[in-house]
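Take a look at the structure set out below.
The values are calculated or read from the model by the stated rules, or taken from the named source; none is laboratory data. All figures in this text were calculated on a predicted structure; none of them were measured in a lab. Every residue, glycine as well, gets a Cβ built from its backbone with ideal geometry; the counts of neighbours run over all protein chains shown.
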Amino acid sequence: MCHNAIDRHVRAGKGSKDALIYDSPITNSVAKFTYSELQEKVRMTEIYSETFLAQLVNSQLSADLKAVSSAGQYGSEKWRSCSDLHANDS
C-alpha cells in the first residue's frame, strides 16, 4: 500500500509535491506534507516498530529463560540437554 500511495511518486520525481494537505476548520490550521516527507515518516515508523518488537521479544524471551532456569521445567515438560535427547542414538 505504501508503494502505491507514496514510493512510486517519489521514484517518479514527485517527492517535493504535496501528497497530503490537512486543513482543519476547527483549529483554523493547515499542514502540508510532501511525498518525500511522508516516505520518511513511514520509514521512521517502520524502524521504530521493528525496534519495539525486537525489544518486546527479547524481554519476553529473557523473562521466559529466567523462569525456566529457576524452575528447572516449563509446564509439565522437563528441560533436557541435547546429549540427553540423543543418549539412545547409535
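Figures for the structure shown
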item	result
Test: residue in the stretch 49-68 that is part of a helix (DSSP H, G or I) and at pLDDT below 60	yes
Residue list for the stretch 1-10, filter: loosely packed, with under 12 Cβ neighbours inside 10 Å and either over 27 Å from the mean Cα position of the chain (by Cα) or not polar (S, T, N, Q) (or both)	MET1, HIS3
Matching residues in the stretch 12-41 - criterion: being exposed (fewer than 12 other Cβ atoms within 10 Å of the Cβ) and outside any strand (DSSP E or B)	ALA12, GLY13, SER16, PRO25, ILE26, THR27, ASN28
Any pair with Cβ under 6 angstrom, 6 or more apart, that starts in the stretch 29-43 at a residue that is closer than 13 Å to HIS9 by Cα and ends at one that is among the hydroxyl-bearing types (Ser, Thr, Tyr)	THR34/SER16
